[in-house]
Amino acid sequence: EAQVTQNPRYLITVTGKKLTVTCSQNMNHEYMSWYRQDPGLGLRQIYYSMNVEVTDKGDVPEGYKVSRKEKRNFPLILESPSPNQTSLYFCASTRLAGTYNEQFFGPGTRLTVL
Amino acid sequence: SQQGEEDPQALSIQEGENATMNCSYKTSINNLQWYRQNSGRGLVHLILIRSNEREKHSGRLRVTLDTSKKSSSLLITASRAADTASYFCATPETSGSRLTFGEGTQLTVNP
């Protein structure tokens, strides 16, 4: 089954404690990205990756890091989480070939930073 | 920045009625996509309409696109309680696959 998986689904942590949210897709998609969703602000892109070892900043990259060592995985790293990073996070992927591509989203990770 | 803007922000209807949501965007596009999100869950792609299409159907969904007005509408016919969700329009950057989402319309279908 084609899917995007994220782990963990829920996480409560404290300020400054490094954490990683994993994302994996099994569709051999080149493009992967991370979004955060906040009330009144909609979905905003954090980082994206066009392929292995190619990453770039989205609209709100501050406080986040990503890596793309393998095509299927795109972890989101918060080196020193802060309360303003409390949010709902989504990973997404799509293929780059062609012009009319839907994105596939993971189930979301609800992060609370105390 | 948010390009798509949905209207209304919230819509409450009775089961069996039709629901219409609108989306406006600012720049040129080659396609526009609609997604659905159940509360706290991931987004699910519903339908994609290309810039050279004016209308598209998929089951109970009907999407229109007016590129001269930079607007699109999503119509859900004969709504069901299970249609209760948030609906987002999204437009991809012409240079790649980055999607810009609106803030969504929260649809509530009352049984």
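Every number in this text was worked out from the coordinates using simple rules, so none of it is lab data. Since this is a predicted model, take the numbers as computed values, not measurements. When we count neighbours, we look across all protein chains shown, and the Cβ atoms used for this are built from the backbone with ideal geometry, even at glycine.
Can you tell me the length gained on complete extension of the stretch B:SER39 to B:ARG54, counting 0.36 nm per residue apart and subtracting the Cα distance?
Between B:SER39 and B:ARG54, full extension yields an extra 2.4 nm.
Taking only the Cα atoms of the stretch B:29-78, the radius of gyration and Dmax are 11.5, 35 Å.
In order along the stretch B:99-105, phi translates into HN-Hα couplings of 9, 10, 9, x, 8, x, 10 Hz, rounded to whole numbers, per the Karplus curve 6.51 cos²θ - 1.76 cosθ + 1.60 with θ = phi - 60° and x for Gly and Pro. Applying the Karplus relation 6.51 cos²θ - 1.76 cosθ + 1.60 with θ = phi - 60° to the stretch B:65-77 yields 3J(HN,Hα) values of 9, 10, 6, 5, 9, 6, 9, 9, 10, 10, 10, 10, 8 Hz, where x marks Gly and Pro.
Relative contact order of chain A, please, whole-number percent, based on alpha carbon pairs below 8 angstrom and at least 6 residues apart.
Details: 301 pairs, mean separation 40.7, N = 114.
For chain A, the relative contact order is 36 percent.
3J(HN,Hα) along the stretch A:6-14, derived from phi through the Karplus expression 6.51 cos²θ - 1.76 cosθ + 1.60 where θ = phi - 60°, amounts to 10, 8, x, 7, 9, 8, 10, 9, 10 Hz, with x in place of Gly and Pro. Near B:ARG98, the amide H atoms lying under 5 Å from its own belong to B:GLU93; only residues 5 or more places off or on other chains count, and H is placed 1.01 Å from N.
Starting from the stretch A:5-114, pick out the GluC sites (Glu not before Pro) whose DSSP state is loop and whose Cβ has at most 13 other Cβ atoms within 10 Å. Please report the intermediate quantities before stating the final value.
On the way: sites: A:GLU30, A:GLU53, A:GLU62, A:GLU70, A:GLU79, A:GLU102; in loops: A:GLU30, A:GLU53, A:GLU62, A:GLU70, A:GLU79, A:GLU102.
Counting only loop positions with at most 13 other Cβ atoms within 10 Å, the GluC sites (Glu not before Pro) in the stretch A:5-114 are A:GLU53, A:GLU62, A:GLU70, A:GLU79.
Note on B:ARG80 and A:ILE12: their simple-model spin labels are 3.6 nm apart, each label 7 Å out from Cα toward Cβ. Once both labels are positioned 7 Å from their Cα atoms along Cα-to-Cβ, the gap between A:SER67 and B:THR20 label points is 5.2 nm. As a size descriptor, the averaged projected area of the C-alpha convex hull of the stretch A:59-114 was calculated at 4.9 nm². Counting only aspartates and glutamates at least 8 places from B:LYS56 when in the same chain, those with an alpha carbon closer than 18 Å to its own are A:GLU102, B:ASP66.
How large is the dipole of the stretch B:51-111 about the Cα centre if only Lys and Arg carry +1 and Asp and Glu carry -1, each at its Cβ, rounded to the nearest 20 debye? Let's see the in-between values first.
Working: 8 positive and 6 negative charges, 26 e Å.
With Lys and Arg at +1 and Asp and Glu at -1, about 120 debye.
Annotation: lysines with alpha-carbon distance below 21 angstrom to A:LYS65 (same-chain offsets under eight excluded): A:LYS17, A:LYS18, A:LYS57. Taking Cβ atoms as reference points and 13 Å as the exclusive limit, the residues near A:ASN28 contribute a net charge of +1, counting Lys and Arg as +1 and Asp and Glu as -1. The Cα-based radius of gyration and maximum Cα-Cα distance (Dmax) for chain A are 13.4, 43 Å. Loop-located GluC sites (Glu not before Pro) across the stretch B:49-95 with a Cβ neighbour count of 13 or fewer within 10 Å are B:GLU93, with loop assigned by DSSP.
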